[in-house]
1. Identify, from the list 371, 354, the residue that is at pLDDT below 90, assigned to a loop (DSSP other than H, G, I, E, B) and within 19 Å of the chain's Cα centre (by Cα).
2. List every residue pair whose Cβ atoms lie under 8 Å apart, where the two residues are 6 or more positions apart in sequence or sit on different chains, the first residue falls within segment 575-597 and is assigned by TED's automatic domain parsing to the domain that holds residue 546, and the second residue, located anywhere, is of a type in the set (Phe, Trp, Tyr) and surrounded by fewer than 20 Cβ atoms within 10 Å (Cβ to Cβ).
3. Any residue in segment 249-265 that is in a helix (DSSP H, G or I), closer than 21 Å to residue 327 by Cβ and not charged (D, E, K, R)?
4. So residue 28 fits all but one of (1) surrounded by 20 or more Cβ atoms within 10 Å (Cβ to Cβ); (2) more than 37 Å from the chain's Cα centre (by Cα); what number is the exception?
5. Quick one: residue 26 ticks every box in (1) touching a Gly at 6+ places or on another chain (Cβ under 6 Å); (2) at pLDDT 90 or above except a single one, so which number is it?
6. Search segment 450-509 for residues being in a helix (DSSP H, G or I), over 34 Å from the mean Cα position of the chain (by Cα) and among the acidic types (Asp, Glu), and hand back the single one that is surrounded by the fewest Cβ atoms within 10 Å (Cβ to Cβ).
7. Going through segment 194-243 one residue at a time, which ones are surrounded by fewer than 16 Cβ atoms within 10 Å (Cβ to Cβ), outside any helix (DSSP H, G or I) and small (Gly, Ala, Ser)?
Amino acid sequence: MLALGVALVLVTADVMQQQAQRHGIALARSIESYASAGVPEEAFTIGVLAPGDAQRVTEQVTGFRELRRLRLWTVDGTLLYDSHADSTGFPDGERLDTATREREPVAQVVTVVRGEQVGGTETTLLDVYVPVQQGRVVVGAAEVMLDYQGTADAVSSAVRTVTLVVAGGLAVLWVLLFRTVRNASRRLQASALENARLALLDSLTGLPNRRMLANRLARAIEESTATGGTVGLALLDIDRFKDINDSLGHDRGDELLEQVAARLRGALREDDVVARLGGDEFAILLPDIQSVADADAAARRVRQLFVPPFMLGDLALHVDTSIGVACLPDQADDASSLMRMADVAMYTAKTHRLGVSVYSPEEDDSSPARLVLLGDLHRALGVADELELHYQPKIDLRTGRTVGLEALMRWRHPTRGMLPPDLFVPLAEQSGLIHDLTRYALRACVEQLAVWRERGEPVPVAVNLSAHDVTSATVAEVIEHLLATHDVGPDLLEVEITETALVSDPSRVVPVLQRLADAGVRVSIDDFGIGNTSISQLRDLPVHGLKIDRLFVADLSATGREGSEVVVKAMVDLAHSFGLQVVAEGVEDVRTAEVLRRLTVDQAQGYLYSPAVPPDRLRAEDLPRDADPRHAVT
C-alpha cells in the first residue's frame, strides 16, 4: 500500500501539473490570438513593429489578469514586441525552434527572482511559446508568461493532502484524490472563465461587448462565405437617452439599459448575438438569415419589444428606438463596411423618425460625408452669403389675405446648391451647432422685420426654435436683446416649438415660454397631434396658437381616409375652446383648403399659396400695407 500510495501521489502530482499547464497553454493561445490580431502581416517579415501597432497589441491583451509579460519573436529570434518595453532580448532558442517547427505551444515552468539577492521575492511563472500563423505559414512565436504561483501552490497543497490521506486507506485515498483534482480543476476553470468574461463581456448588462461581437461577426462572415448564406446586422439606439439620464439620473439610466438587455436577450434566436457597443447603443448579429427582408422583419419585431413600458421603480417609462439594418453580401463586403452601413441606416432611421431603416445608398449622405458636411456648416456660420431665411405666407382662410409669414432656414452650399433644412438641421442638433443656427435665424429674422417696418410693411413672422434651445432661458435673453437693438415690437415676432419638445421636458420649457409671452412674443405649438400634450397642459400653457401637423392635413386630401375630418375638427374645437388660434401647414390643393375652412381652421400655409421664397421675391400681397399686425393674427 505504501508503494501504491507513493505511486498515486507521484501520478497525481504529475497529472495535476499537466492539467494546470494545459489550462495555461489554452489561455496563452487565447492571448496570442488577441495579440497577433493587431500586428500587420509584414511586421514579422521585416522584424519591426510600428509604435501604433505596439500600442494596439497592448490594448488587445489588457483584460487578461494572469498575464505577466508578453513578447513577440520572429522565426529567426528577432524581438518584435515586449510588454515591458525592452528593445532587446534573447529567446529560448530551443523552445522557439520547437514551437515554430512543430506548430504547437511549448510550455515550461520558470522561477523569477525580483529584488536584491538577499530579501528578494521569487515568483513562479508558466512560460509558453505559442506559434503565430498567418494563413498556413508560421511567421513567429508569442512568448506568454502567466502567473503560475497560485496554481503551483494549489498543486503543492493538493499533493500534501493526498500524502496525508494515504495512511487512512487506499479507498479513502482515491475519494480524496478525485475531489482534490476536481476542485483544483474548477478553480482553474473559474479563473479562466473570469478572465474571458472581463475581456469579452459588458460589465453592466453581461452582454457581449464590441470585441466579442467582432469575433462572432468574423466567424459568421467566414461561415456565410463558405455556405453562400446571408449575415444581417442591426444597430439599435435608444431615442433621447441623454434626456432620460439628465432627468432621472444615471442610476435609472443604467437600470433601463439592463432591462433593455434582458428583453433583447430573451426575444431572439439561440444563434443570434446581442451585444452592447457602449452607451445606449446595442448590436444584434443575425448570422444565418435568408434575405434582407427577413433581417428587416426581425428588426421590426425587436422594436415591438419596446412597446410595453419599462418600470423604473414606480415610474412607467415609454422608450422608443431607432434601428438600422444592413446585410452581407447584399450591401457590404466585409465586417467593417457592414458595421458602417448599419450605422448609416440607424442614423437615417433617427433623422427621419422611421423607427427601422434598411441601408440604402441613396441615404448614405452621412458617415464620412456627414463629417465633411458638418465642417462645411461650421464654415457657413462664419460667412455672410450661404445661410439665408426664406419666408412662406400664412393665409387667413376666411378672407384669403396674408396675415403673417413663417421663416424657414435654407443653405446655399457653394458646391451642392440649395440644401433644405431636413438635411442639415438634424446634423446641427446632434453636433451642438443648433444653438448657433438658432441665433443666426433669430438675428436675420429680426433684422428683416426692421427693414419691413421702416418701409411701412409690418408683418408678423414666425421662427422655429429647436428643442435644444427652449430648455434654457438664454434664448429668451437673445430675443429680448435683438428686439431692443433693432427697435422691433415683440408683437411682430412669433416663435414655434414642436409638441415633442414641450412634452419631453415641460418643467424647463414652460418657464422659458412664459418669459417670452410676458415679453409680448407670441408662442405657438408646431406639429400638434404627434406628441402627448394633455388637455390640462394645453389649457395652462402660455401659448396663443397651435399648428396642425401636416400628416393630418395630408389625410384630408387622401381618399379613403375615414375619420380624418373628425380628428382635425376635434383638434380645432379643443384649441378654440381655450382661445387658441389654429394653423394648418402643408396645404397643397383647393379641396384641402376648402375642407379646412369648413372645419373652422383659422389660417393655412403651403404650396397652394406660395412656397418659401427669399424676401426680395415675396409678392406685394404677401406684405400687406397699413395693417395692424396685432389684429392680423388674433
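1. After ruling out the rest, the residue left standing is 354.
2. Final answer for the pair search is 587/607; 587/609; 588/607.
3. Residues of segment 249-265 in a helix (DSSP H, G or I): 250-265.
Pick out the ones that are also closer than 21 Å to residue 327 by Cβ and you get 264.
Checking the rest, the ones that are also not charged (D, E, K, R) come to 264.
Yes: segment 249-265 contains one or more residues that are in a helix (DSSP H, G or I), closer than 21 Å to residue 327 by Cβ and not charged (D, E, K, R).
4. So residue 28 meets the others, but not (2).
5. The failed condition is (1).
6. By that ranking, first place goes to 454.
7. 203, 206, 228
Matching residues to (1) at pLDDT 85 or above; (2) touching a Ser or Thr at 6+ places or on another chain (Cβ under 6 Å); (3) hydrophobic (A, V, I, L, M, F, W, C):
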residue: 527; (1), (2), (3): no, yes, no
residue: 566; (1), (2), (3): yes, no, yes
residue: 570; (1), (2), (3): yes, no, yes
residue: 573; (1), (2), (3): yes, no, no
residue: 579; (1), (2), (3): yes, no, no
residue: 587; (1), (2), (3): yes, no, yes
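The values are calculated or read from the model by the stated rules, or taken from the named source; none is laboratory data. Computed from a predicted model, the values in this text were never measured in an experiment. FYI the Cβ positions are ideal-geometry reconstructions off the backbone, even for glycines, and counts take in every protein chain you see.
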